[in-house]
Amino acid sequence: MLFVGKMGAGKSTKSKQLTRERNAVLISEDEWLSALYPKQITTLRDYFHFSSLLKPLVKSHVVNILKTGTDVVMDFPANTVSQRSWFKELVSEACSPTELFYLNVSNDICLRQIEKRRMENPERAIYDTEAMFNEVTKYFQEPNPNEGFNIQVVEQSA
């Protein structure tokens, strides 16, 4: 299971919910990055660098899990065509069907949720800002059915 949604749309919350509901294995990019590269990611450029180092290990790990028939929930962003291509390779190699959950949430709601997250988790204050939201959102690309995913649209309104 993969997730598309702007920063603050609720991807991590939805991934945890689906993990419980489907008795699946959750793999969170944020958790792996913070464990492997503590305090080394301070910019978007740092994120791209360390995320690219992580992906080969995660790919082989997830493929092995999927081949056992176990469901995997990947709390990784699939917010660009390029990111989704990596996921497509992964599920193809595992010969596994997948669902892509598109959290279609307005910018206003995302920003409110980011503000709430920043208050609840002060250690995230460096990343959870309106400026970072605007920077990341520039790259966002809605999923297209032609990409070959089974897309589940999750709408959230104010």
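Here are a few things to note about the model shown:
- Of the residues making up the range 111-135, not one is touching a strand residue (DSSP E or B) at 6+ places or on another chain (Cβ under 9 Å) and closer than 24 Å to residue 38 by Cβ.
- For the range 37-69, the set of residues classified as under 14 Å from residue 96 (Cβ atoms) and either surrounded by 14 or more Cβ atoms within 10 Å (Cβ to Cβ) or hydrophobic (A, V, I, L, M, F, W, C) (or both) consists of 59, 61, 62, 63, 65, 66, listed by residue number.
- Residue in the range 103-120 that is surrounded by fewer than 12 Cβ atoms within 10 Å (Cβ to Cβ) and part of a loop (DSSP other than H, G, I, E, B) present: no
- Beta carbons closer than 6 Å, at least 6 apart along the sequence or on distinct chains, pair a first residue in the range 7-31 that is in contact (Cβ under 8 Å) with a residue 40 or more places away in the chain with a second that is in a loop (DSSP other than H, G, I, E, B) and small (Gly, Ala, Ser) for 11/5.
Values quoted throughout were computed directly from the atomic coordinates according to the rules given, and no laboratory measurement underlies them. Just so it is clear, the structure is predicted and the values come from calculations on it, not from any experiment. So basically every Cβ, Gly included, is an ideal-geometry build from the backbone, and we count neighbours across all protein chains shown.
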